[in-house]
Every structure is written in C-alpha cells, then in structure tokens.
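Asks: Below are the structure tokens for one structure; questions will follow.
Please treat every number below as a calculation from the coordinates, not as lab data. A quick note: this is a predicted structure, and the numbers were derived from the prediction, not measured. Please note: Cβ atoms are built from the backbone with ideal geometry, for glycine as well, and neighbour counts cover all protein chains shown.
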Amino acid sequence: MNDQRDFEYIVRTKKKDFTKADELFNIRYARFARSFHRQIPGYKMTSLKSLANLAHMIGLEGIYIKDESERLHLNSFKVMGGSFAIARFIQKKLNLSDEQLSYEYLVSPECHEKLKDMTFASATDGNHGRGIAWASMKLNLKCVIYVHKYTSQARIDAIRNYGARVEVIDGNYDDAVRQIAIDAEKYGWQIISDTSWPGYEEIPTWIMQGYTTIMLEAQEEFAGLGIIRPTHIFVQAGVGALAAATIGFYASLFKDDPPKFIVVEPDKAACIFETAKYNDGTLHNITGSLDTIMAGLACGEASPIAWSVLDGTVDAFMKVPDYTSARGMRILAVPLKGDPFVISGESGAVPLGALYSIMTEEGSEGLKAVLGLNEKSNVLIINTEGNTDPTHFRQIIWDGLDNVPKDYLTRK
Ligand SMILES: Cc1ncc(COP(=O)(O)O)c(C=O)c1O
C-alpha cells in the first residue's frame, strides 16, 4: 500500500459557531418543508440503506446511505430544493399564509390564472434544472434552463423531457449562472437558483431548507433503528448548498453534541476546500473547465450563504481524485454479500469513496484519529443521485473507466 494518501484534507481548528446554522436550519423549517413535500403526489420517504458488512470490513460500526436516487422518480435529491423554493416564492408573491400554501392550491386553475405569464429560470449542471423543469411542468408554467458546454446530452435530454427550453452556454457552470442572471433581467424571468450571490439569498435559502426534508426523514429512519443520530456525516459539495443544509440541520438539532461534519469535493473543482484553506474571510474561486466526472460538483464558486453556515460548523474538508468517486460507485453497485446495492452516480458516490480512502489508505491515520472514526462510528452519507448519465455509469461500472491506480488498490 502506498503510504502517501491520494487525497488532501484540512482539519478545522477554528472555534465552532452554530448561530447561522440555527438561524437557517432550525428544525421548524424542516418540518414546514416536509409538510409541503408530503403533499406532492407520489411522495414517499427514500430508503436509508445500511451497509453493515462494509462498515465492519473497514472498521466502523455502521454506514447508512440515504438513497436519493429513489426521489420522486427524478433520480436525484435536487427536486426537494427547487419545488420548495418555488412554493415559497409563490407564497410570498400571492401573499399566502403558511396554512394557505398547499400543493393543491399551487396546481389549481385559480393559482395558474395569477401566475400564467411567469417563466422560471435557472442555470444547472443537470439535476437542479431537472427539478425546476419538473416543478414548472406541474404548475403548467414556462421554464428556461441554461447548461454549460460540458453538460452531457443525457442530462440535457432529461431536462427537456419535462418541457423546459434548454440553452447551452459557452463556458462552465459559473458562466451559465452569470449569463442567466443577465438574461433573466432582460426577459423578465424569475430565477430559482441553488447558488446565492450578494442581494440574491432568499430563494437559495428556501432551496437549502427544502433539502432538510431529507434529513428529517433520515432522523426518523435512524430512530426506527434505535440510533439517536449519526456520529459522522460525509457530504459532497458543488456550490455547498446541500452540505450547508445537511450540516446546518444537524448542527442546529444537536448543538451540544454534534456529529463530525466532513465536506468532500472533486480535486478539480474544490472551491470550498480552497476557501477553507485560505481562511481569510473571503471566498476563493476555481476557474477553467472544472473537468471532473462529478458533473454535479463541477462548480468553481461557492454559494456565499452556504459558506456562512459551513464556516462555523465543518470539522474537515477533503478533495479527492475522480477515481475515488468511481470506486465509490462500484462499491455501492457491487456490495459485500448481505449489504444492499445502491445505484449511485458520479456525484452521489464520492462521500463513500472518500470514507473508504480514509479507512483503508495508509497515511490517513491522522485524519481518522482527529475525526474519531472507529468501530463505534455510524456514518451517514447521502447518495444524491442515481445513474443520471446512464452511458457514463455503465462505462464506469462495466468497463472500468476511471480505474484506481495500482498503488491504491484494495488489499484485503
Ligand atoms: C448529484 C448531486 N450531488 C450533489 C450536488 C451538490 O450540491 P450543491 O451544489 O448544493 O453543493 C449536486 C449539485 O448539483 C448534485 O447534482
């Protein structure tokens, strides 16, 4: 085994501050989001899958995968944010009370009459755009989605399937975000963005609060297993909205005894890692093609509002090579005997790949010790997507694309 780790990490020594987490993710917001989501036809809790055999093999008590590939047949968690933010936006626009805000009202002819000239718009790397297109279709409203030029055809087609107009922008995800902000102003579209920027924070906050339905469900599922809370949470980050929501929820709920929080990014698009590294109170961007297989995490600019939560809560930041995610996908798809299989895409599997690296690679002992990862640990991971790019999924799982270099092969 190579004694050199193949990932980089930063352990946060900064004093924790959960104020922002509590302000945005107090459990009452999660309960409200959940009460909205459960009205959506077809809503059901996604499974929390236990990989007990893998956990024992690598020296942990439990690994629990919240499987968002099952979410409303949309193959990703993203719709939880977009649907809730659109609901909140309409609530505010039409001056509805919390009690008046119902799914039934949103899809009613009366509501449509008031909104029929609206167009929702967003930039995306795929999954968020699909969620917004889906929600717009349910409301019978127009939707425009900008994708960047590295977006795969499968992801574009999946958005068009829900009736949205899709434009391909020359540049990366962050360029698409900037372009749609300009065009929305010009054409009067309403942006529903998962990332924030100065002066545009309310909708991204609603999106993050929408994600917390996932954590509320996970807590109910843990309760059913007699587990009060996970000891560790590994969460992947693009702009950091999901990470902020996940960590913010748990930090607010377990202020006095929080789990350890670890944020994982692709090494080619690690804007949150970079921001943590400089630790100078400003965001640090990554530019260029952001050429990673983890399409959902290919973001070079963190969401400021997400960072304001992560800054006070995270225990460690990691950046990992692409093959770590490919290995995670294979471990999930072909599990140890007795463990359930999980279909996980490139952005979904990376936290498991990162956990596997820490637990099996020499040179990781320091991190393992600081985080207290041991046979008493119960780790929560969110599988944020299924095979959202089916051909690439098969190339990785069947054809062995993005293979692990010899020095880092599994040894037992
Ligand atoms: C599958 C998947 N996982 C994780 C993320 C990361 O979410 P965020 O950009 O909020 O960090 C995304 C974002 O698009 C995604 O599509």
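Asks: Under the 0.36 nm per residue contour assumption, what length would be gained going from the current alpha-carbon distance of residue 31 and residue 104 to full extension? Could the numbers behind the result be given before it?
Replies: Numbers: separation 73, 0.36 × 73 = 26.28 nm, distance 1.86 nm.
Answer, rounded to one decimal: 24.4 nm.
Asks: So, one more: Which entries in 14/376; 44/149; 20/138 show an alpha-carbon gap greater than 29 Å?
Replies: Violating the 29 Å limit, Cα to Cα: 44/149; 20/138.
Asks: Considering only C-alpha atoms, what is the centroid distance from the range 1-68 to the range 161-240, in Å?
Replies: First find each Cα centre; the distance between them is then 16 Å.
Asks: Here's a follow-up. Amide H of residue 123 versus every other amide H placed in the peptide plane: which residues, excluding those fewer than 5 positions away on the same chain, fall under 5 Å?
Replies: Sorted by chain and number, the residues that satisfy this are 146.
Asks: Which of the aspartates and glutamates could be linked to residue 114 by a straight reach, that is with a Cα gap under 17 Å, when you skip same-chain ones fewer than 8 residues away?
Replies: Filter leaves 104.
Asks: Residue 112 to residue 168: extension gain in nm, 0.36 nm per residue of separation minus the Cα-Cα distance?
Replies: 17.3 nm
Asks: Further question: Can you give the Rg and Dmax of the range 53-146 based on its C-alpha atoms, in angstrom?
Replies: 17.6, 58
Asks: How big is the convex hull of the Cα atoms of the chain, per residue, in Å³?
Replies: Convex hull of Cα atoms, per residue: 131 Å³.
Asks: Starting from the 7 Å offset along Cα-to-Cβ, what nm value, one decimal, do you get for the label separation of residue 285 and residue 17?
Replies: So the label points at residue 285 and residue 17 sit 2.5 nm apart.
Asks: Here's a follow-up. For residue 268, give me every one of the lysines with a C-alpha distance below 16 angstrom, ignoring sequence neighbours fewer than eight places off in its own chain.
Replies: Correct list for residue 268: 277, 319.
Asks: Then there's this: Cut-off is 10 Å between beta-carbons; in what order do 368, 44 appear when sorted fewest neighbours first?
Replies: Lowest count first: 44, 368.
Asks: How large is ³J(HN,Hα) for each residue in the range 235-242, as worked out from phi by the Karplus curve 6.51 cos²θ - 1.76 cosθ + 1.60 (θ = phi - 60°), to whole Hz, x for Gly and Pro?
Replies: Listing the rounded values in order: 9, 7, 9, x, 7, x, 5, 5 Hz.
Asks: Which value in nm describes the separation of the simple spin-label points at residue 412 and residue 368, placed 7 Å from the Cα toward the beta carbon?
Replies: Here the answer is 0.9 nm between the modelled labels.
Asks: To continue, here is another question. With each pseudo-label sitting 7 Å past Cα toward Cβ, what's the residue 187-residue 57 distance in nm, one decimal?
Replies: The answer from the label model is 4.9 nm.
Asks: Reachable aspartates and glutamates from residue 406, Cα under 17 Å, same-chain residues fewer than 8 places away excluded?
Replies: 3, 6, 322, 361, 362
Asks: Ok, one more. Show me 137-146, 160-169 ranked by packing, highest mean number of other Cβ atoms within 10 Å first.
Replies: Working: 137-146: 20.0, 160-169: 16.5.
Order by mean packing, descending: 137-146, 160-169.
Asks: Something else: What ranking, highest mean first, results for peptides 210-221, 225-236, 298-309 when packing means the other Cβ atoms within 10 Å averaged over each residue? Intermediate results must be reported in sequence, preceding the final value.
Replies: Working: 210-221: 23.8, 225-236: 19.9, 298-309: 25.6.
Those peptides, ordered most packed to least, come out 298-309, 210-221, 225-236.
Asks: Under unit Cβ charges (Lys, Arg +1; Asp, Glu -1), what dipole magnitude, rounded to 20 debye, does the range 79-191 have relative to its Cα centre?
Replies: 120
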